[in-house]
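Encoded as structure tokens, the structure appears first; notes follow it.
The values are calculated or read from the model by the stated rules, or taken from the named source; none is laboratory data. Since the model is a prediction, treat every value here as computed from it, not as a measurement. Cβ placement follows ideal geometry from the backbone for every residue including glycine, while neighbour counts extend to all protein chains displayed. When the accessible area is computed, the model is the full protein with side chains, heavy atoms only, and any ligands, DNA or RNA have been set aside. Shrake-Rupley method; radii C 1.70, N 1.55, O 1.52, S 1.80 Å.
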Amino acid sequence: MPVKAGERLDPEATRARILKAAAEVFGRRGIHAAGINEIVEAAGASKLTIYKNFGSKEGLVEAVLTDRTRRVRAWHHEVVDAAPPGRAQVLAVFDLIATWYAEAGFRGCAMMNAATEDRGQDGAPRRLARDHLRFYRELFERLLADARQPEVIARQLVVVLEGATLISAIDQDPGLGAEARVIVETLLDVAF
């Protein structure tokens, strides 16, 4: 929303509004299909404001994904910290993603979607997606510290999580969260 005469500028609110609008447009249309004009309209901001804040469309994409990363990590840390240590914490992560699959408008993992759209380039989307996968591996390794082969089980859990996320988004099937949890329970039975 443009600032009316006499109103104060709030750069942080403007930036947050642009990030939210861009994330929605990129999620709905894809990074390459979405144009800056569409984001300008959705955010109620000028091109100048977008370029001033993010430098380029690529800078905006990176900022959207970085913001998403921050929010996803906080989301997971909150649920993990609330659960009893070990197995229950791992299951809490999968319970959380099952609720995510059931949200209206669920389109899958923004990181993996962006990395796929990166078309084999090694740009910010692919770099941030690798970091995203590393976050999950390290989270699961930490939660499985007392398990047998925590690195192996952690990697398998990431495969289950990302595979279920992809299939749930493509098939529009929120039930994949429950199926993923059954697989995870089996992996945890072997690990402990």
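Considered as a group, the residues in the range 99-126 that are out of contact with any Leu (no Cβ under 8 Å at 6 or more places or on another chain) and in a helix (DSSP H, G or I) include one that is surrounded by the most Cβ atoms within 10 Å (Cβ to Cβ), and that residue is ASN113. Could you identify the single residue in ASP131, ASP122, ASP118, ASP95 that is in contact with a helix residue (DSSP H, G or I) (Cβ under 9 Å, 6 or more places away or on another chain) and under 16 Å from ILE31 (Cβ atoms)? Every option except ASP118 fails the conditions. Applying the condition of being at pLDDT 85 or above and either assigned to a loop (DSSP other than H, G, I, E, B) or farther than 16 Å from ASN53 by Cα (or both) to the range 1-27 and asking which residue is least open to solvent (accessible area, probe 1.4 Å) yields VAL25.
Is there a residue in the range 63-84 that is outside any helix (DSSP H, G or I), surrounded by fewer than 16 Cβ atoms within 10 Å (Cβ to Cβ) and of a type in the set (A, V, I, L, M)?
Taking the range 63-84 as the starting set, the residues that turn out to be outside any helix (DSSP H, G or I) are 83-84.
After this cut, where a residue has to be surrounded by fewer than 16 Cβ atoms within 10 Å (Cβ to Cβ) as well, the list is 84.
So of that shortlist, the ones also of a type in the set (A, V, I, L, M) come out as none.
Scanning the range 63-84 turns up no residue that is outside any helix (DSSP H, G or I), surrounded by fewer than 16 Cβ atoms within 10 Å (Cβ to Cβ) and of a type in the set (A, V, I, L, M).
Taking the conditions (1) under 20 Å from the mean Cα position of the chain (by Cα); (2) farther than 23 Å from ARG155 by Cβ in turn, HIS76 satisfies each one other than (2).
Could you please give the count of residues in the range 153-192 that are acidic (Asp, Glu), under 20 Å from ASN113 (Cα atoms) and exposed (fewer than 13 other Cβ atoms within 10 Å of the Cβ)? Give the steps one after another, and end with the answer.
Applying the first criterion (acidic (Asp, Glu)) to the range 153-192 yields 162, 171, 173, 179, 185, 189.
Of the ones still in play, those that are also under 20 Å from ASN113 (Cα atoms) are 162, 171, 173.
Remaining after also requiring exposed (fewer than 13 other Cβ atoms within 10 Å of the Cβ): 171.
The number of residues fulfilling the criteria is 1.
Considering only residues in the range 127-143 that are farther than 16 Å from GLU62 by Cα and in contact (Cβ under 8 Å) with a residue 40 or more places away in the chain, the one that is surrounded by the fewest Cβ atoms within 10 Å (Cβ to Cβ) turns out to be PHE135.
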